[in-house]
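Beneath this line is the structure, given in structure tokens, with notes to follow.
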Amino acid sequence: MRVPSAARGSRRTERSPLPDFCRLPELFALFMIGALTTTVMWLARDSTHDWPAYSVSMLFVTWLILVIAVSACKLRPRLQRLPAHLPYVGVWLLIVLIVAVASALARWFDVALKMQLIDTSMLGFVRDNVIIAALLGAAMLRYFYVLTQWQMRLSAVARAQVEALQARIRPHFLFNSMNTVAALIRVDPTAAERTVEDLSELFRAALGQHDTGDGTLAEELALVERYLAIEQLRLGERLRVQRDLCALPEDFPLPRLLLQPLVENAVRHGIQPLRAGGEISIRVDADGGGIRIEIVNPLPVTPALGGTGHGLDNVRQRVVYRYGPKATVEAGPQDDRFVVRLYLPGASA
């Protein structure tokens, strides 16, 4: 009997992703471990410190680490195909093998060239180096494994938060929009049809595109315009929007539904509680390779009910996860207005 593909997929052993030894952070960590180990062993010697021996040892360790890094980098695609923790075992065995072969070659050259830099036998020199490499390699790979697992968990949490945000549009917004459509069907069928189209685009972004990566600034602003068009029909002249969107990098990568929740908060907590309504200001400026976004709304004397700050916290977490520590999200009251400012750095920042 054939096993369904879904069942076969569920029985596959989960793989542990290897660090990319071609990247500078991993290379720097390897070189630092080698340099610190060589220095500590040199300082721990009972005899007088020999600077030439230290220099030769540092050169040997640097060359050794370079060979290990290049080998691990080239073999990473093949090792990554191994199941479970075997990729890390493969890298550990590779480190031990390279150290053993390199130590034997170094001892042989020392004898052949009569340099007398190594005062131990071939077996003892190779054995000691292999033991040190095995212990340090295991500790280093354990560190990389824990770091990778932590990054995967952080990524999974961030993805879950993004999907949770994208999987919901507040019920009150849906109900209000449906009531608006119902009221417009007889009075203005064209406006009702346009509202349904705007709603469909909002729900497509919220429910159907969370697995396609980033969108663009232009797409997000278009989504905000659709949302504002729906709210404009509901609130009428109470909602006024001032836009400052000149000379924008429209292809700037932006997580989907990043700005729409901020604009929705501005409408819900800034415009809706006011009998006379108010004005929302949306400003986007290019700043070097990044962009600055500012959303301003009136600050009612009596705050709207139901605000928990989860939407703003979610935006903060998504921004930090996507753009790193250089990105900033500032939000708070200023005089009689509530101001949200975002700085999103570009890829080269």
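The values are calculated or read from the model by the stated rules, or taken from the named source; none is laboratory data. Bear in mind that the values here come from a model prediction, so they are computed numbers and not experimental data. Because the Cβ atoms are built from the backbone with ideal geometry, glycine has one as well, and the counts that use them run over all protein chains shown.
Going through T120, T39 one at a time, which residue ends up being assigned by TED's automatic domain parsing to the domain that holds A139, polar (S, T, N, Q) and not in a helix (DSSP H, G or I)? None of the others qualify; the one that does is T120.
Scanning the stretch 300-343 for residues that are in contact with an Asp or Glu (Cβ under 9 Å, 6 or more places away or on another chain) and modelled with pLDDT of 90 or more, we see that the one that is surrounded by the most Cβ atoms within 10 Å (Cβ to Cβ) is L342. Among residues of the stretch 139-162 being touching a helix residue (DSSP H, G or I) at 6+ places or on another chain (Cβ under 8 Å) and surrounded by 15 or more Cβ atoms within 10 Å (Cβ to Cβ), the one that is modelled with the lowest pLDDT is V162.
Selection of the stretch 38-78 for residues being of a type in the set (A, V, I, L, M), within 18 Å of L27 (Cα to Cα) and either surrounded by 14 or more Cβ atoms within 10 Å (Cβ to Cβ) or modelled with pLDDT of 90 or more (or both) yields M58, V61, L64, I65, L66, V67, I68, A69, V70, A72, L75.
Residue-by-condition table, conditions (1) aliphatic (A, V, I, L, M); (2) in a helix (DSSP H, G or I); (3) not assigned by TED's automatic domain parsing to the domain that holds F175:
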site: L221; (1), (2), (3): yes, yes, no
site: V224; (1), (2), (3): yes, yes, no
site: L228; (1), (2), (3): yes, yes, no
site: G236; (1), (2), (3): no, yes, no
site: L257; (1), (2), (3): yes, no, no
site: A266; (1), (2), (3): yes, yes, no
site: R275; (1), (2), (3): no, no, no
site: I293; (1), (2), (3): yes, no, no
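The residues listed here are L82, L123, L93, L113; of these, the one that is under 21 Å from L147 (Cα atoms) and at pLDDT below 90 is L82.
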